[in-house]
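Asks: Provided herewith is a single structure, encoded as structure tokens, for subsequent inquiry.
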Amino acid sequence: MGTKFFALVGIEGIYVTIWTLIRLILPIILMVIFFILFYKYAPCRQLRIKNIISGALFTAIMWILISLLFSYYVKNFGNFTKLYGSVGSIIVLLLWLNMSSLIIYIGGEINATIAHFAKSHKISS
């Protein structure tokens, strides 16, 4: 729909470029916002937003990267159906969930470490 409209106006190339950028950047921004909110309200301790941003950014980027690498592996190298049958897809899903939870945990550890160093630096100075 959008391509046809912008082709009539004569700026189809600009539309395609802008849409491609939005399609790549918007999921990262939304994931960072989600993880900022998750790391802000999930822990029992109050953390500042400036201490949370780096862990949320790490988690969002690594989750996307691991998901892309894992999907590439499953498409090209994983032959789980022949080896394990229908249980192979469950094994693959559990492996991806394990890696995803590990990344979320590491992001929380980054936030906790930054908050700890910020608090100890504030007290000592």
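Asks: Quick one: which residue in ILE64, ILE123, ILE91 is assigned to a helix (DSSP H, G or I) and at pLDDT 90 or above? Walk me through it before giving the result.
Replies: On the way: ILE123 fails: at pLDDT 90 or above; ILE91 fails: at pLDDT 90 or above.
Result of the check over ILE64, ILE123, ILE91: ILE64.
Asks: Hey, another quick one. Any residue in region 54-71 that is under 25 Å from PHE34 (Cβ atoms), more than 18 Å from the chain's Cα centre (by Cα) and not basic (Lys, Arg)? Before you say what the answer is, go through the steps one by one.
Replies: Within region 54-71, the first condition is being under 25 Å from PHE34 (Cβ atoms), and the residues that meet it are 54-71.
Next, only the ones that are more than 18 Å from the chain's Cα centre (by Cα) stay: none.
No, region 54-71 contains no residue that is under 25 Å from PHE34 (Cβ atoms), more than 18 Å from the chain's Cα centre (by Cα) and not basic (Lys, Arg).
Asks: Those residues that are under 24 Å from the mean Cα position of the chain (by Cα), over 14 Å from PHE58 (Cβ atoms) and small (Gly, Ala, Ser), I need them from region 94-125; list them, please.
Replies: SER101, ALA115
Asks: For the condition aromatic (Phe, Trp, Tyr), within 30 Å of ALA118 (Cα to Cα), in contact with a helix residue (DSSP H, G or I) (Cβ under 9 Å, 6 or more places away or on another chain) and surrounded by 11 or more Cβ atoms within 10 Å (Cβ to Cβ), what is the one hit in TRP96, TRP63?
Replies: Values: TRP96 fails: within 30 Å of ALA118 (Cα to Cα).
Going through TRP96, TRP63 in turn, just one is aromatic (Phe, Trp, Tyr), within 30 Å of ALA118 (Cα to Cα), in contact with a helix residue (DSSP H, G or I) (Cβ under 9 Å, 6 or more places away or on another chain) and surrounded by 11 or more Cβ atoms within 10 Å (Cβ to Cβ): TRP63.
Asks: Criterion first (among the basic types (Lys, Arg) and in contact (Cβ under 8 Å) with a residue 40 or more places away in the chain) does ARG48 satisfy it?
Replies: Working: among the basic types (Lys, Arg): yes; in contact (Cβ under 8 Å) with a residue 40 or more places away in the chain: yes.
So ARG48 fits the description; yes.
Asks: Shifting gears a bit: Hey, can you tell me all the residues within region 13-54 that are surrounded by 12 or more Cβ atoms within 10 Å (Cβ to Cβ) and not in a helix (DSSP H, G or I)? Steps first, please.
Replies: At the first step, the residues of region 13-54 found to be surrounded by 12 or more Cβ atoms within 10 Å (Cβ to Cβ) are 15-16, 18-19, 27-28, 31-40, 43, 47-48, 51-54.
Scanning region 13-54 gives PRO43, LEU47, ARG48.
Asks: All but one of (1) under 12 Å from ASN111 (Cβ atoms); (2) free of Cβ contacts under 8 Å to residues at least 24 places away in the same chain; (3) not polar (S, T, N, Q) hold for PHE58; which doesn't?
Replies: (2)
The values are calculated or read from the model by the stated rules, or taken from the named source; none is laboratory data. Small disclaimer: the values here were computed from a predicted structure and weren't measured. Every residue, glycine among them, receives a Cβ derived from its backbone with ideal geometry; neighbour counts consider all protein chains shown.
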